[in-house]
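Worksheet: one structure, shown below.
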Amino acid sequence: MFIELVIIFNLLKTGSMVPPMYFNGVYHLFYQYNPYGSVWGNIVWAHSVSTDLINWIPLEPGIYPSEVFDKYGTWSGSATILPNNKPIILYTGIVDAKNTQVQNYAIPADISDPFLRKWIKPDNNPLIVADVSINKTQFRDPTTCWLGEDGYWRTLIGSVWGKQGLAILYKSKNFMKWTKVQHPLHSVDGTGNWECPDFFPVLLHGSNGLDASYNKKNIKHVLKVSLDVTRFEYYTVGKYDTKKDRYIPDKTSIDGWKGLRLDYGNYYASKSFYDPSKNRRIMWGWANESDTVNDDVKKGWAGIQTIPRKLWLDPSGKQLVQWPVEELEALREQKIQLSNRKLNKGDKIEVKGITPAQADVEVTFSFSSLDKAEPFDPNWANLYAQDVCAIKGSTVQGGLGPFGLLTLASQNLEEYTPVFFRVFKAQDKYKVLMCSDASRSTLKNDKTMYKPSFAGYVDVDLTNKTLSLRSLIDHSVVESFGAGGKTCITSRVYPTLAIYDNAHLFVFNNGTETIKIKSLNAWTMGKPKMNWSFGHSSY
């Protein structure tokens, strides 16, 4: 399994992201991990390293509960590289059975160790303790720190007061003594607790990434938060007023539950980092399980890290674009190509010659006219995209769409996970709906399974009458990128028939408008090299 093995070695065990980091030629992936079971609890910071983001070496845990300031838990945080090229980690410690949360730091025991195997937690922890104005049981996940022009370091900590989500801002001159800024960097009423905040600059033009401390001309800033209530990731694009220490979202960025999401599927608790080796920003997210707890216990693990994504600002300046890191292409093996194949209403073409259970598929669709786009029902205006997808699924005949891929499909389509587009006409513009529908993904009939119709709208110019889609398929996960990465959806699915060699892949069209497969390239994905000689026995 190229994704599940590449990224987390089937050992994540209900963990979420903690800081990724690039240091002296080595990528470090930390993730929350339960060494004693595949349910939440006993969390330590597992640690794996790589030189290429694909082949990984698991090490002994980097951080685990051991001191009075983290005796009851070591939760998420972030890494920062200080100017003297010394990494430091800020993380949330749980100090008592009442779930009181504080912010601690850890540093490498031996900076000359290329893998930074051992981390120490100095005696002057904790660095940050909640004052009376803060909900100390919802006070966690410090961000990567950035250095202001005034010489002060800054970090954000996610929190809530009542139902108001908060990104609490702290400053420090020496990284050891931190002071809370009087007002949060940003807050939004009615959004609930903010987890895993992320704050970073993006260039107005181009796809290069920026260090968190960069603050010159021709940039915007992005604030991402994980909303505990909805379990989705939301972000806005805006301006960082460094003099007032305020973040102001652009008027085009909706601030709240109806706003932009990093991923419209099973994707949460992401963290980004700047990769100076290739001048890019990389985002890493977590996809938890959607099957039953009993199934998690049986297989002995739960939760995966998704494929790392490069991200940058779309030329419109209104949203981010995300794309799997280029290193993933090293795993591509057998290839199949299709081009200029017509799909009339009801047609489906099987993609043969690859392993559909482990595949990377890139397809560009074209159509000759927008005339058959269905009218967008005004009653849907206040619905989320996934609600519209549930109404207008892949089997509901349309005009321009639904068309796309049937992934992890059984031969006779008893099971399949469709990833598809549907184009609507809404007054004087078109709305493109992208869906990844897990509702038909398995014959399992357990009511506790999570099988939603995930969906998002795609802000794309249809002047050239084309739409592109890339899907990374790996046994129980389908990560899809619409229109070059403008809209992303991750689904977790658990077929019973469409497994291993019995999985199939089809291209389909259920609309009256004929669709052309302009080009399709699909690859079987190989397995990475993994070295289990470091620390595996400790798990």
Report task. Tell me, for the chain, which Cys residues have no other cysteine's C-beta sitting closer than 4.7 Å. Result -> 145, 196, 488
Query raised in the report: Which aspartates and glutamates does residue 335 reach when only Cα atoms under 20 Å apart count, and residues fewer than 8 places away in its own chain are ignored?
Result: 326, 327, 350, 360, 362, 474, 479, 501
**Report entry** C-alpha center-to-center spacing [region 368-389, region 201-236] in angstrom
**Finding:** 29 Å
**Report entry** Share of pairwise Cα separations in region 98-173, more than 21 Å, in percent
**Finding:** 41 percent
Requested in this report: Compute the separation of the alpha-carbon centres of region 42-104 and region 428-490 and state it in Å as a whole number.
Outcome: 33 Å
Requested in this report: Please list, or write none, the lysines whose alpha carbon is within less than 27 Å of the alpha carbon of residue 444, excluding same-chain residues fewer than 8 places away.
Outcome: 13, 298, 299, 348, 352, 392
Report summary line: Beyond 43 Å, the calculated P(r) of the chain holds a percent of Cα-Cα pairs equal to 16 percent
Requested in this report: Calculate the spin-label point distance for residue 67 paired with residue 426, positioning each point 7 Å from the Cα along the beta-carbon direction, and give it in nanometres.
Outcome: 5.1 nm
**Report entry** Relative contact order %, region 194-244, counting alpha carbon pairs below 8 Å whose residues are six or more apart
**Finding:** 35 percent
Report summary line: Diffusion coefficient in µm²/s returned for region 420-515 by Stokes-Einstein, Kirkwood Rh over C-alpha pairs, 25 °C and 0.890 mPa s, is 164 µm²/s
Query raised in the report: Going down the table (372/431; 220/431; 465/518), which pairs top 19 Å between alpha carbons?
Result: 220/431
Query raised in the report: What relative contact order, as a whole-number percentage, does region 380-539 give when Cα pairs under 8 Å and 6 or more residues apart are counted?
Result: 26 percent
Report task. For residue 217, list the lysines whose Cα falls under 17 Å from its own Cα; do not include residues on the same chain fewer than 8 positions away. Result -> 239, 243
Query - the chain: relative contact order as a whole-number percent, Cα under 8 Å and 6+ apart - result: 15 percent
Requested in this report: Please report, as a whole percent, how much of the solvent-accessible surface of the chain comes from carbon and sulfur atoms (probe radius 1.4 Å).
Outcome: 50 percent
Report summary line: Computed, not fitted: 222 nm per-residue ellipticity of the chain from DSSP H runs ≥ 4 (each -39500 (n - 2.57)), nearest 500, equal to -500 deg cm²/dmol
Query raised in the report: Just the projected area, averaged over all directions, of the convex hull on the alpha carbon atoms of region 305-428: how many nm²?
Result: 10.6 nm²
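The values are calculated or read from the model by the stated rules, or taken from the named source; none is laboratory data. Bear in mind the structure is a predicted one, so any value in this text is a computation, not a measurement. Here Cβ is always computed from backbone atoms with ideal geometry, including for glycine, and neighbour counts include all displayed protein chains. Each accessible area value is taken on the protein alone, full model and side chains, heavy atoms only, with ligands, DNA and RNA left out. Shrake-Rupley method; radii C 1.70, N 1.55, O 1.52, S 1.80 Å.
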